[in-house]
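Below is one structure, written out as structure tokens, with a few remarks after it.
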Amino acid sequence: MRLLHPTRFLKFSLACVDETGMSEFSCPSDMPTEFPVVPMRESVVFPHMVLPASALGEAAAHPALNESEWVLLLAQRHPQVTDPEVGDLCCVGTLAWVVRSGTELSGPRRILVQGVGVAQVEAFVETSTGLHARVEIWDSHEGAQWSPEVESLMRSLRAKFEELVPLRGLPREILPIVANTEDPGHLANVVASNLCLEVSEAQAILEVRDPVSRLRKVDSTARSALDRTIEEAEKACEGSMRDDREAFLREQLRAIQDELQEENAHPDEVTDYRRRIDDVQPTDACREEALRQLARLQKMHSESPEAQVVRNYLDWITELPWNVLSEDCGDLDRARKVLDTDHAHLETVKTRLLEFLGVRKLRGDTRGPILCFSGPPGVGKTSLGRSIARAMGREFVRISLGGVRDEAEIRGHRRTYVGAMPGRILQSLKQAGTRNPVVLLDEIDKVGTDHRGDPAAALLEVLDPEQNGSFVDHFINAPFDLSQVLFIATANRLEPIPAPLRDRMELIPLPGYSAEEKAVIAERFLVPRQLEEHGLVAGQVHWSNRSLSQVITDYTSEAGVRGLERQIAVVCRKVAFRAAEGDSTPVRVTQRNLARYLGVPPYVREAVSTENEVGVSRGLAWTESGGELLTVEASVISGSGLVLTGQLGDVMKESGRTALSFARSILLDFDPTNEILGRNEVHVHVPAGAIPKDGPSAGIAIAASLISVALRNPVRSDVAMTGEITLRGRVLPVGGVREKALAALRNGITTVILPEANMRDLEEIPREQKNRIEFVPVTHMREVVDAVLERPVPKQAPLRWPARVPAPGSAMLPVSAEGS
């Protein structure tokens, strides 16, 4: 048998039937008892149909078509099922003969499948070669006797089909086949196979066993198809007439406007906007609003101010990435390399980010927590957001929120205002060009509030994964899906952020760097970058290790590395100036010549005294620039009351009062006759009076200096301490342990007293630095006294209250305003 061109498929089908006698099909003696099952997802094959591989769709790849001569074609009940089981298949199908044509030498084997009869499954059989079925083959002539009714039905069906052929655009070669078919079942099958029916409709016709009943059902289906086709043709004709009338009226309107010397929106402009709206495929609500505005534009004068407002709105609608998504890169190894390449240290933060990316990869979901990097300036919060975008393969957009006080900056302005435009969120998406970029909300703690609204309140919806899927900008006035945007916020301090907004974010602290970490960052990142920015080549400026360390300690005072990079830039700038004058000799920056490039060191640290002194203790404080060592001095003079100086805040003043009260009470245990703190004026001073200080963490340091003064027992100079004290002497935990420990290490302190509850925070300190400090956990001030005083104190009895309050001169008086 020869393979014919697909355009001659119907003629070939009839020829096969005539040549092989398939219209008179009966079971041959060698017919197998079981047939391989081939599922058909989107089509139903009728007897006498001949299908090439291209018409079989996915079923053409079924192995049974290459291994068997007979197959059973069964339609699926649900086409969306890709791997159907027995329950997903219909029980009535078409028994087909596999006709092979072509040889392997001339190319790939070509296959034809010809339906020969209807078969009903009696049982399914699982074999090693696949699913088989035992079937009952229906007799195609069963009940097909001639009668006037049958003749009338066949004549009526032929007439309806002749009308459908030109209306449906079917090949006219089908008409002779239909006209020459005298068998009722065969005629029903031929017509049904060309009506383009749904799978359920075609299967219902195939399952009708009686040929006359099947002919009657196909006649009813053809009548419905003819009525539906005629109705569609009439609607198309009416639409064409309506379009012609609109074109005629627009031409008349254009002529009238020309006579009145007026112009309207050019038809090309309206057509262009409509095409652009169709291209971007906005949401249904936005599309409806855009078409309504386009209709208004069509009626406006082209130069009217309102027309410009509408054009601006339509431009924004057609430029937003409604359906543009960038593909995420789920390679965690690549993400780890990107983070390690862009940032040194910050291992805890990197691990958390990799866990975050790993969870998103497993879930296959774009939703997740909103990350907030908090820490002092210059530690790499913004660059971390950029690295995350690069690791994920997404676009990166930064939105600076510092000083934003208008809610419209987030939600946009309403179009009734002059110069209205969308908020910064949608502006960032337009800039990125995708609907799933990484958006960095920089300095979220600097958002302010005034009469124009609260931008932080508007961010509540933006940063809530449960709500931002339908974010409404006032300018667009239609929901926009932000659920696939990865929002990352940065902040220097968490206190100014409103509690509801802070609750929506996962806080990831970024502590400051130690001097050793800064040296590594400078060598790996800062120096090469500044050489490139100043037009210098590698090796033209060489830094010694000691020179970099001196720049870090004597020329900068910060937790980050921004100031360090500026000092490196100063040296590179001087070398570049000399090279521009013609001297390109390589420069070696050492400790000796560093002052020639950078001048006198502005931050030369005062050497910490190694002498144990009475009334002088060392506390540890946290600042936005990292940890600092505080010296607390106490003395007693003639008079009464408590004086606190050193520009202390209210909380620190209260800590001083509490420390004095506890010191007075504990002295009753050491020496009941000791009334130094009760009968004299107590003065506590914290040097660097120009710098504001506040917080409760200096409580035990103040108490230690007061007890030292009262007992004339010096405080060890190699010990620093931090912790809040209560009126009964309990030591409570404080924050910023890592920064405080690094500050102690920078100043040569080898012993640090910590509240016992803060010992868990030592995990944040690098191991090599933690091993250089001895941490002493304490729970009560008595333990602090034992650890910091030079001489042992007398055995302490349990704290007892005196039978009477000390003399009036020893009563605690209000804090003096001096020094505040």
Legend entry - Filter pass, Val178 being touching a Phe, Trp or Tyr at 6+ places or on another chain (Cβ under 6 Å) and among the aliphatic types (A, V, I, L, M): yes
Legend entry - Filtered residue count, the range 334-349, keeping only those that are at pLDDT 85 or above and within 19 Å of the chain's Cα centre (by Cα): 5
Legend entry - Subset of the range 379-426 [among the small types (Gly, Ala, Ser), open to solvent by 50 Å² or more (accessible area, probe 1.4 Å) and touching a Lys or Arg at 6+ places or on another chain (Cβ under 9 Å)]: Gly403
Legend entry - Members of the range 668-686 that are touching a Leu at 6+ places or on another chain (Cβ under 7 Å) and over 24 Å from Leu630 (Cβ atoms): Asp669, Phe670, Asn674
Legend entry - Residue list for the range 283-293, filter: open to solvent by less than 30 Å² (accessible area, probe 1.4 Å) and touching a strand residue (DSSP E or B) at 6+ places or on another chain (Cβ under 9 Å): Cys286
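Being at positive phi and in a helix (DSSP H, G or I) is the filter here; which residues of the range 706-733 pass it?
Of all residues in the range 706-733, those at positive phi come to 712, 723, 729.
Selection gives nothing.
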Legend entry - Filter result (surrounded by 14 or more Cβ atoms within 10 Å (Cβ to Cβ), of a type outside the set (Gly, Ala, Ser) and in contact (Cβ under 8 Å) with a residue 24 or more places away in the chain) within the range 294-311: Leu294, Leu297, Gln298, Met300, Val309
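Confirm whether Arg716 is at pLDDT below 90, open to solvent by 50 Å² or more (accessible area, probe 1.4 Å), farther than 15 Å from His780 by Cα and basic (Lys, Arg). It would help to see each step written out before you state the result.
Numbers: at pLDDT below 90: no; open to solvent by 50 Å² or more (accessible area, probe 1.4 Å): yes; farther than 15 Å from His780 by Cα: yes; basic (Lys, Arg): yes.
Criteria not met by Arg716.
Which of the residues that make up the range 626-667 are of a type in the set (Asp, Glu) and under 21 Å from Val785 (Cα atoms)? Reasoning before the result, please.
Residues of the range 626-667 that are of a type in the set (Asp, Glu), as a first pass: 628, 633, 650, 654.
Across the range 626-667, the qualifying residues are Glu633, Glu654.
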Inset, instruction - With the checklist (1) at pLDDT 90 or above; (2) over 21 Å from Pro766 (Cβ atoms) in hand, flag the one item Asn323 doesn't pass. - result: (1)
Inset, instruction - Output the residues belonging to the range 568-612 that are more than 29 Å from Thr631 (Cα to Cα) and polar (S, T, N, Q). - result: Ser584, Thr585, Thr590, Gln591, Asn593
Inset, instruction - Scan the range 786-800 and give yes if some residue there is under 42 Å from the mean Cα position of the chain (by Cα), of a type outside the set (Asp, Glu), at pLDDT 90 or above and more than 30 Å from Gln550 (Cα to Cα), otherwise no. - result: no
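Considering every residue within the range 448-471, establish whether at least one is among the aromatic types (Phe, Trp, Tyr), buried (at least 21 other Cβ atoms within 10 Å of the Cβ) and under 22 Å from Glu289 (Cα atoms).
Filtering the range 448-471 for residues among the aromatic types (Phe, Trp, Tyr) gives 471.
Narrowing further to those that are buried (at least 21 other Cβ atoms within 10 Å of the Cβ): 471.
Cutting the leftovers down to under 22 Å from Glu289 (Cα atoms) gives us 471.
Yes.
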Inset, instruction - Just name the residue that is surrounded by the most Cβ atoms within 10 Å (Cβ to Cβ) out of those in the range 760-784 that are modelled with pLDDT of 90 or more and either under 14 Å from Arg730 (Cβ atoms) or touching a Phe, Trp or Tyr at 6+ places or on another chain (Cβ under 8 Å) (or both). - result: Val784
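Yes or no, residue by residue, for (1) over 26 Å from Ile425 (Cβ atoms); (2) without any contact (Cβ under 8 Å) to a residue 40 or more places away in the chain; (3) in contact with a strand residue (DSSP E or B) (Cβ under 9 Å, 6 or more places away or on another chain); (4) open to solvent by 50 Å² or more (accessible area, probe 1.4 Å):
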residue: Pro496; (1), (2), (3), (4): no, no, no, yes
residue: Pro511; (1), (2), (3), (4): yes, no, yes, no
residue: Ala515; (1), (2), (3), (4): yes, no, no, no
residue: Leu526; (1), (2), (3), (4): yes, no, no, no
residue: Trp543; (1), (2), (3), (4): yes, no, yes, no
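The rows are residues; the columns are (1) of a type in the set (Val, Ile, Thr); (2) modelled with pLDDT under 90; (3) within 14 Å of Ala522 (Cβ to Cβ).
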{"residue": "Ala538", "(1), (2), (3)": "no, yes, no"}
{"residue": "His542", "(1), (2), (3)": "no, no, yes"}
{"residue": "Ser549", "(1), (2), (3)": "no, yes, yes"}
{"residue": "Ile552", "(1), (2), (3)": "yes, yes, yes"}
{"residue": "Ser557", "(1), (2), (3)": "no, yes, no"}
{"residue": "Gly560", "(1), (2), (3)": "no, yes, yes"}
{"residue": "Ala569", "(1), (2), (3)": "no, no, yes"}
{"residue": "Lys574", "(1), (2), (3)": "no, no, no"}
{"residue": "Ser584", "(1), (2), (3)": "no, yes, no"}
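Consider His48 carefully, then state whether it is more than 15 Å from Ser200 (Cβ to Cβ), surrounded by 14 or more Cβ atoms within 10 Å (Cβ to Cβ) and out of contact with any helix residue (DSSP H, G or I) (no Cβ under 7 Å at 6 or more places or on another chain). Can you show your working first?
Working: more than 15 Å from Ser200 (Cβ to Cβ): yes; surrounded by 14 or more Cβ atoms within 10 Å (Cβ to Cβ): yes; out of contact with any helix residue (DSSP H, G or I) (no Cβ under 7 Å at 6 or more places or on another chain): no.
It is false that His48 is more than 15 Å from Ser200 (Cβ to Cβ), surrounded by 14 or more Cβ atoms within 10 Å (Cβ to Cβ) and out of contact with any helix residue (DSSP H, G or I) (no Cβ under 7 Å at 6 or more places or on another chain).
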Inset, instruction - Keeping to the range 57-95, report how many residues are open to solvent by 50 Å² or more (accessible area, probe 1.4 Å), part of a loop (DSSP other than H, G, I, E, B) and among the polar types (S, T, N, Q). - result: 2
Inset, instruction - Collect the residues in the range 321-354 that are crowded, with 17+ Cβ neighbours inside 10 Å, of a type in the set (A, V, I, L, M, F, W, C) and assigned to a helix (DSSP H, G or I), keeping them in residue-number order. - result: Ala335, Val338, Leu339, Val349, Leu353
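Scan the range 371-397 for residues that are more than 14 Å from the chain's Cα centre (by Cα) and either of a type in the set (D, E, K, R) or assigned to a loop (DSSP other than H, G, I, E, B) (or both) and jot them down. Give the derivation first.
From the range 371-397, those more than 14 Å from the chain's Cα centre (by Cα) are 373-384; that's our starting set.
Gly375, Pro376, Pro377, Gly378, Val379, Gly380, Lys381 - these are the residues of the range 371-397 that are more than 14 Å from the chain's Cα centre (by Cα) and either of a type in the set (D, E, K, R) or assigned to a loop (DSSP other than H, G, I, E, B) (or both).
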Inset, instruction - Only residues in the range 452-481 that are under 13 Å from Leu426 (Cβ atoms) count as the first member; pair them with residues that are charged (D, E, K, R) and outside any loop (DSSP other than H, G, I, E, B), Cβ under 7 angstrom, at least 6 apart or cross-chain, and list the lot. - result: Ala458/Arg411; Asn468/Glu461; Phe471/Glu461; Asp473/Arg411; His474/Arg411; Asn477/Glu289; Ala478/Glu289
Inset, instruction - Answer yes if at least one residue in the range 613-620 is acidic (Asp, Glu), over 23 Å from Leu727 (Cβ atoms) and surrounded by 19 or more Cβ atoms within 10 Å (Cβ to Cβ), and no otherwise. - result: no
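For the range 737-759: of the residues being among the charged types (D, E, K, R), open to solvent by 20 Å² or more (accessible area, probe 1.4 Å) and modelled with pLDDT under 90, which is farthest from Ile700 (Cα to Cα)?
Filtering first and then ranking leaves Arg746.
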Legend entry - Residues (under 19 Å from Met49 (Cα atoms), small (Gly, Ala, Ser) and either at pLDDT below 85 or in contact with a Cys (Cβ under 9 Å, 6 or more places away or on another chain) (or both)) located in the range 107-160: Gly117, Ser140
Inset, instruction - Inspect the range 266-275 for any residue being at pLDDT below 85, over 47 Å from the mean Cα position of the chain (by Cα) and surrounded by fewer than 13 Cβ atoms within 10 Å (Cβ to Cβ) and give the result as yes or no. - result: no
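The values are calculated or read from the model by the stated rules, or taken from the named source; none is laboratory data. Small disclaimer: the values here were computed from a predicted structure and weren't measured. Don't worry about glycine lacking a Cβ; one is built from the backbone with ideal geometry, like all the others, and counts go over all protein chains shown. Heads up: the accessible areas ignore ligands, DNA and RNA and are worked out on the full protein's heavy atoms, side chains in. Shrake-Rupley method; radii C 1.70, N 1.55, O 1.52, S 1.80 Å.
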